[in-house]
Amino acid sequence: MALVETPFVSAEEINALCSYEKIMENQRQVFKNYFLDQAVMGPRAILSQNENAQFSYIARASSDGPTIVKFGTVVPSNAGRDISVVQTTVSVIDATTGSVKLFLDGEAVTKWRTVCASMAAAKELSNPVKKIAVIGVGHQGAAHLQAAKHIFKPERIIGIDQDLKNTDLGIEITQDIKAAYDCDLIFICTNSQEPVINSALNSGSTCISIGSFAPNRLEVSVSALSKADKVFGDDAKTISEQSGSVVKTLENYERSWQYAQSIGGVYAGNIKGRENKEQVIYYFSVGLGIQDAALAEFILANGKF
């Protein structure tokens, strides 16, 4: 039997199909589907290896859609090698034959679904945005900066990073973490195992954390997160078990909030998001396979593969 080469969809092809608005809606819908038991996700596997991690997901974004299997690594020291910190591949399995239909550039898939899920959550949970801070301006941080400028058109946007060489982003870069506390909306895009937010945020702030994706990673300290009014995530159960900041804060019985909530419930209208302008709200993303599956469905529906 002759071997048939499985098509590979490149980053350039994925980028040509996607826009912030389209993929924000794509991600809102899959979170809603999952909350309503209309999307399927297998167990998320993570192996820690010192500061590094390897992971895999399996999921479907809809009951009759294709299954995706995503696997990859997180290697923070790659930042000094000019290699992506997160490296992934996504395979798309045909729902009828069970054959691998496509391979997708994992970094492009991860960038689009992560950034657009962050922007969708920020739009849903934040007050009117005038000032934005992005903490950590590596690959994901830079992508969040560009998306935030497009979506929110803030009066001011700053990057906060220990490396001041990232001057080609066209924005102010500082090492002073205190600058974040004066912002309405904060995105934390680091791979830090130690908190970068250590004290309570100002009234009305919204903070989106994408780097607390494993139990040993805490972008937000227990003392800071304990003072939040509400905590949301891509999935409440998952972040309560796997997001280091949430896991550790749930052990603190003096916290202001009772339990984490799923953003899909907000999109479905079953859970209230922000209820007043004074609330301090956090959103934690650990990354779910359903997000990759939703983007894979979008690519299949809109591309010629």
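The values are calculated or read from the model by the stated rules, or taken from the named source; none is laboratory data. Computed from a predicted structure; not experimentally measured. Glycine also receives a Cβ, built like all others from the backbone with ideal geometry; neighbour counts cover every protein chain displayed. SASA here: full protein model, heavy atoms, side chains in, ligands and nucleic acids out. Shrake-Rupley method; radii C 1.70, N 1.55, O 1.52, S 1.80 Å.
Quick notes
- Rounded percent of accessible protein surface that carbon and sulfur make up, the chain, 1.4 Å probe: 50
- Under 5 Å between amide hydrogens, built in the peptide plane, is the criterion, and for Ile135 it picks out Ile160, Phe187, Ile188, Cys189 among residues at least 5 positions away or on other chains.
- Cleavage-rule hits (GluC sites (Glu not before Pro)) in segment 17-86: DSSP loop, at most 14 neighbouring Cβ within 10 angstrom: Glu51
- Dividing the summed helix terms, -39500 (n - 2.57) for each DSSP H run of n ≥ 4, by the number of residues in the chain produces a 222 nm estimate of -9500 deg cm²/dmol to the nearest 500.
- If R0 is 30 Å, the Cβ-Cβ spacing of Tyr181 and Lys153 corresponds to a FRET efficiency of close to 0.85.
- Annotation: lysines with alpha-carbon distance below 24 angstrom to Lys149 (same-chain offsets under eight excluded): Lys22, Lys111, Lys123, Lys130, Lys131, Lys165, Lys178, Lys277.
- Looking at segment 56-128, the trypsin sites (Lys or Arg not before Pro) that sit in a DSSP loop and have at most 16 other Cβ atoms within 10 Å of their own Cβ are Arg81.
- Full extension of the chain segment joining Glu251 with Lys227 gains 7.3 nm, where the gain is 0.36 nm per residue of separation less the Cα-Cα distance.
- What the Cβ-Cβ distance of Asn202 and Glu5 gives, at R0 = 41 Å and to the nearest 0.05, is a FRET efficiency of 0.15.
- Computed FRET value (nearest 0.05) for Lys22 with Asn216, which takes r as the C-beta separation and R₀ as 25 Å: 0.10
- Degrees separating the helix 139-152 axis from the principal Cα axis of the chain, which is the longest one: 70
- Choice from Phe55, Phe284, Phe35 with maximal GNM fluctuation in the chain (Cα, 10 Å cutoff): Phe55
- Degrees separating the helix 20-35 axis from the principal Cα axis of the chain, which is the longest one: 90
- Gain in span if fully extended, Glu278 to Gln87, counting 0.36 nm per residue against the direct Cα distance: 64.9 nm
- Cα centroid separation - segment 17-32 against segment 122-151, whole Å: 16
- Using alpha-carbon coordinates, inclination of helix 106-125 to the longest axis of the chain, degrees: 40
- Beta bridges by DSSP in the chain, antiparallel share as percent, to the nearest 5: 50
- Choice from Gly244, Gly42, Gly211 showing the highest fluctuation, given a GNM over the chain with Cα pairs closer than 10 Å: Gly42
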